[in-house]
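Here is the structure we will look at, set down as structure tokens.
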Amino acid sequence: MAERSMATPLAWSLASAVALLFGGVVHAGPAPAKDAPLATAAKAIRREVMTLRNITVHSTERYWGQVITTSGASVWVPKAHPITDIRLTDTLDGLPDGCFMARVLRFTGVQHPRHPRLRYNRRCEDAYNGRVGTYLCVWLYVPGHGWENINSGRIYGGMPAYRHEFDQASGWAWTTFGFTGSLPLHYHPLFSRFITPGARQTQISAKVVQWHGNSYLRVDRYGPPTGRTVFLLNPRHGYAIAQYKFYGFHATKDARGKYKFGPGAVLFSRATVDGFWDCGQGIFYPKRIGFVQYAPPPQSGRPALSKPMYRAVIRVRSAVINRPGITRASYVVQFPAGALVHDMATGRYIRVGGTAKQQLSAIERAVKAVRDQPHATGAAGGGK
């Protein structure tokens, strides 16, 4: 299987990680702002977060562009035969990185980047209830072999590995509810806090701008963990994200050989929303999102865009909020009765009982046993 050139919806540059390791040294950036429009936006977004108890979206994502083969070669995979093609129903709660249940009807990808017509496909469920993660691959299609009913299960002591993949495919990663759930280093504040001035080593500016004949609030944020990010928030749709641009950090070396970091000037990626679903109660969800990731610019020192590295289009077919009957049990996969599931924390297999309650008890006992070990590490709760 070919690999994406970037692992998450947001391409966090190496410089941002280095900046954090060296204390997040921050130099000149945009001046802080405490103006009324930004405070109004943050207040509105906080109110929406309090209103949203759960949301269910039906969506598709098609991703194409550059992939890196196992030999290190770069291959361009066209839109007609995308790298991944996903169709899912996703229910989310517990902002911004809390419970979710993704039922994936199609998760198609290229089997080999030089032969994009060769494709695998799987139908699966992936979930997290705030304590444990569960995953079940029900059907798997392999070129030359056809469909197989494999019922292969996994359990995690934390967030499942595919969470961010599904957050992008559902559009959740491009909302004020879920955007910060994709931030690195387990930094997941509410979005209203993320854009509020006052955080250490962070500078934020905001102003009203015109874009396509309408007024938007432009928020320019500079600081860890992302470097420079720019949002256009739509005041007519609850200050939902209408466009997002990622510039990262810009690193320079002084005469003593030490690195200094400043706001990036080269655009690495951009997401643009085309239309919103009005879910009621002041909640708006994107209908279509176009995403583009740019390759690093040539080594000329010029802040010019290079060619796109990959593109993605996410289409949200529907979005419904605050459905009755959604409980913590809704965010756990139901395995086949008596199934053997792979415990990703220990590498062992455990057999789970027949009812949903019995299965969850067996899963939580297995996870607790690992967490209670004297020398338990992050892997015990990991979702990788």
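Scan (1) open to solvent by 10 Å² or more (accessible area, probe 1.4 Å); (2) of a type in the set (S, T, N, Q); (3) modelled with pLDDT of 95 or more for the single condition residue 151 breaks and write down its number.
For residue 151, the exception is condition (3).
Give all pairs with beta carbons closer than 9 Å in which a residue from segment 358-380 that is within 14 Å of residue 343 (Cβ to Cβ) meets a residue that is at pLDDT 80 or above and among the acidic types (Asp, Glu); count only pairs at least 6 apart in sequence or on separate chains.
363/343; 366/343; 367/343; 370/343
Table: residues versus (1) modelled with pLDDT of 90 or more; (2) among the small types (Gly, Ala, Ser).
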position: 166; (1), (2): yes, no
position: 193; (1), (2): yes, no
position: 199; (1), (2): no, yes
position: 202; (1), (2): yes, no
position: 205; (1), (2): yes, yes
position: 228; (1), (2): yes, no
position: 245; (1), (2): yes, no
position: 256; (1), (2): no, no
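Restricting to segment 202-236, name every residue that is part of a loop (DSSP other than H, G, I, E, B) and open to solvent by less than 60 Å² (accessible area, probe 1.4 Å).
202, 224, 225, 226
Which residue pairs have Cβ atoms closer than 7 Å, lie 6 or more positions apart in sequence or on different chains, and pair a first residue in segment 274-297 that is open to solvent by 30 Å² or more (accessible area, probe 1.4 Å) with a second residue that is of a type in the set (Asp, Glu)?
Note: pairs meeting the criteria are 282/48; 284/278; 287/274; 288/274.
Given the structure, is residue 320 of a type in the set (Val, Ile, Thr), closer than 27 Å to residue 241 by Cα and open to solvent by 40 Å² or more (accessible area, probe 1.4 Å)?
yes
State which residue pairs qualify: first residue free of Cβ contacts under 8 Å to residues at least 12 places away in the same chain and inside segment 73-95, second residue open to solvent by less than 20 Å² (accessible area, probe 1.4 Å) in any location, beta carbons under 7 Å apart, and separation of 6 or more residues or different chains.
Between residues of segment 73-95 that are free of Cβ contacts under 8 Å to residues at least 12 places away in the same chain and residues that are open to solvent by less than 20 Å² (accessible area, probe 1.4 Å), the close pairs are 76/65.
Any residue at all in segment 57-64 that's surrounded by 13 or more Cβ atoms within 10 Å (Cβ to Cβ), more than 30 Å from residue 235 (Cα to Cα) and at pLDDT below 95?
Yes, the conditions are met somewhere in segment 57-64.
Modelled with pLDDT of 85 or more, of a type outside the set (Asp, Glu) and touching a helix residue (DSSP H, G or I) at 6+ places or on another chain (Cβ under 9 Å): which single residue out of 370, 341, 352 fits that description?
341
Residue-by-condition table, conditions (1) touching a His at 6+ places or on another chain (Cβ under 8 Å); (2) crowded, with 16+ Cβ neighbours inside 10 Å:
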{"site": "73", "(1), (2)": "no, no"}
{"site": "89", "(1), (2)": "yes, yes"}
{"site": "94", "(1), (2)": "no, yes"}
{"site": "103", "(1), (2)": "no, yes"}
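Scan segment 118-137 residue by residue and report those that are open to solvent by 40 Å² or more (accessible area, probe 1.4 Å) and more than 19 Å from residue 326 (Cα to Cα).
Correct list: 118, 119, 123.
The values are calculated or read from the model by the stated rules, or taken from the named source; none is laboratory data. Just so we're clear, the structure is a prediction, and the values are computed from it rather than from any experiment. Positions of Cβ are backbone-derived with ideal geometry, glycine not excepted, and every protein chain shown enters the neighbour counts. All accessible areas refer to the heavy atoms of the entire protein, side chains included, with ligands and DNA or RNA removed. Shrake-Rupley method; radii C 1.70, N 1.55, O 1.52, S 1.80 Å.
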